[in-house]
Amino acid sequence: MADPEPRPRKFAAPRGTTDVLPDDAPWWSFVRSTAAQVAGRFGYRRIETPTFEHAGVYLRSVGAGTDIVEKEVYLFEDRGGDTLALRPEGTAGVMRAYIEHGMASLPQPVRLYYVAPNFRYDRPQAGRYRQHTQFGAECVGDPSPLADAEMIDLLCTFYRELGLRHLNLKLNSIGDANCRPAYVEALRDYYRQHLDGVCADDRMRFEQNPMRLLDCKEERCQPIVAGAPRLRAYLCDACREHFADVQAYLTALGIGFDLDDTLVRGLDYYTRTAFEVQPLQEGSQSALGGGGRYDGLIELLGGPPTPGTGFGTGMERIILNLKRAGLEPPPPRPLALYVAHLTPEAAPLALRLAGDARAAGLQAVVASAGRSLKAQLRHAGALDARFAAIIGASEVATGEVTLRDLRDHSERRLAAAAAGDAVASEVPS
Ligand code: AMP
């Protein structure tokens, strides 16, 4: 006998990606709508940029020696031979759009926000995925410390409105092109004596991106990080003043923070203010959100010198933390009406009745054809419907429907045209 046909291969979602199933959708809607509301109240307008860009947008801005460029970016050549990259982070693409669309000629600053997926070839674990979604905001064209403080205020307001508590804001200044070179020299001098004792990644960072040495998470490198020179001692007067003002504004806003001079952020383009928000009692991998000032970025991308400040915060980690805190999203809208139909002639009436209910703002579902009344009502119960309309031969003959209240099982018969309104009067839309 011939072998049976092999079964087609079943696919799973690629490693490090997740499906957002309908049960989780209320969480996502809640977090997305809160993001849009809070950003809107702060005067931010939505921008959407493509999921992929010319690779240079990221390679040039994010910088050599960063994890994103060295290990994580999804690079590919398209069929036309262009080298493209899936978005690994939100800011660079938005700045490319700012330049391309001449937003420098708009009243400054330009306040933009987005909610978009990012792609990083990272080692997947809880809260770390190869595709994650960030809510990000960018304030472009304002060099003042007030803009940084307001950016942090936006992020903290967003978390507060979601109901997240017990968060720790870490703050640092990483200087600018004026004062950082002397610090980087001092850092190199210090690490040169310790190169034998550090991890392989650190030896690469030493060559390519010494600031990132401070961000190393390897156990054996921690004592070396602890003994490294501190950037704060090297800040120039302008950076020192800027940083003091950011702190003063945060204090005025009642936003608590901890200074952390090992906070350098993963990307190259940051200057001055850097911040990160972490849940208390979590490890260092668990930042909920972070950001900072990037005054050199637009120039790096070929635009005019333009200051900017922004943040990104990961939706998946936020939802994880909301669940851990025992919070619930607003419940989804209930199914108001399930329309059961018992004969082929009843089907058009059923479709029209569901249409009436939807026009009244209600959620309505029509039963699949060809099932018994018992099966249809069981389905209505499984969907937690509030009412079932039943249309059989006698209802078709009179143009009526039987409306069953699925809470108390009471029934009444009424004109089909009146049924939508009858349900609407009892179910909030
Ligand atoms: P970053 O762009 O690395 O500064 O990250 C900003 C925020 O995005 C983090 O605080 C996380 O909430 C989230 N995030 C970053 N990388 C990942 C990832 N691989 N998986 C899930 N969330 C992430």
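The values are calculated or read from the model by the stated rules, or taken from the named source; none is laboratory data. Computed from a prediction, not measured in an experiment: that's the story for all the values here. Cβ coordinates were reconstructed from backbone atoms using ideal geometry, including for glycine residues, and neighbour counts include every protein chain displayed. Keep in mind that these areas ignore ligands, DNA and RNA; they rest on the heavy atoms of the full protein, side chains included. Shrake-Rupley method; radii C 1.70, N 1.55, O 1.52, S 1.80 Å.
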Checking the a/c ratio against 1.5 first, then a/b against b/c, what shape does the Cα gyration tensor give for segment 113-198? oblate
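On full extension of the chain, what length is gained from Lys217 through Ser425, given 0.36 nm per residue of separation minus the C-alpha to C-alpha distance?
68.9 nm
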Solvent exposure of segment 337-424 as accessible area per residue, Å², 1.4 Å probe: 49 Å²
Taking the convex hull of the alpha carbon atoms in segment 337-424, what volume per residue do you get, in Å³? 78 Å³
Against the longest principal axis of the chain, how steep is helix 346-359, in degrees 0 to 90 to the nearest 10, with axes from Cα atoms? 40 degrees
So how exposed is Lys374, as accessible area in Å² (1.4 Å probe, rounded to 10)? 150 Å²
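With a 1.4 Å probe and all protein chains kept in place, how do Met204, Met151, Met103 rank by accessible area, largest first?
Largest accessible area first, the residues go Met204, Met103, Met151.
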Alpha-carbon Debye profile of segment 17-173, log10 I(q)/I(0) at 0.08, 0.12 Å⁻¹: -0.27, -0.62
Using just the helices of the chain, give the 222 nm mean residue ellipticity in deg cm²/dmol: DSSP H runs with n ≥ 4 each add -39,500 (n - 2.57), and the total is spread over all residues, rounded to 500. -10500 deg cm²/dmol
Largest-first ranking of His132, His194 by accessible area, probe 1.4 Å, whole protein assembly kept, is His194, His132
Which GluC sites (Glu not before Pro) in segment 335-410 sit in a loop by DSSP (not H, G, I, E or B) and have at most 14 other Cβ atoms within 10 Å of their own Cβ? Glu345
For segment 276-429, take every pair of Cα atoms, bin their distances at 10 Å starting from 0, and report each bin as a whole percent. 10, 28, 16, 10, 14, 13, 8, 1
Can you give me the relative contact order of the chain as a percent, contacts being Cα pairs under 8 Å and 6 or more apart? 15 percent
Could you pull the accessible area for Arg317 with a 1.4 Å probe, rounded to 10 Å²? 50 Å²
Selected from Tyr121, Pro210, Pro229, residue furthest toward positive end of dipole (the chain; charges at beta carbon): Tyr121
Helix axis angle, 315-324 relative to the chain longest principal axis, alpha carbon, degrees: 70 degrees
What do you get for the angle between helix 91-100 and the principal long axis of the chain? Use alpha-carbon atoms, 0 to 90 degrees, nearest ten. 90 degrees
Sorted by chain and then number, the residues having a modelled amide H within less than 5 Å of the amide H of Phe387, at least 5 places away or on another chain, are Leu337, Tyr338, Leu406
Taking the solvent-accessible surface of protein heavy atoms with a 1.4 Å probe, what is the per residue accessible area of segment 1-151 in Å²? 55 Å²
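Would you work out what percent of the accessible area of the chain, with all protein chains in place, is carbon or sulfur (probe 1.4 Å)?
Within the chain, the accessible surface is 52 percent carbon and sulfur.
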What is the spread of the Cα atoms of segment 169-238 along each of their three principal axes, largest first, in whole Å? 36, 28, 18
Here P(r) for the chain, Cα-Cα distances in 10 Å bins, as whole percents, is 4, 18, 23, 19, 13, 11, 8, 4, 1, 0
Candidate residues Phe52, Phe30, Phe275: accessible-area rank, largest first, probe 1.4 Å: Phe52, Phe30, Phe275
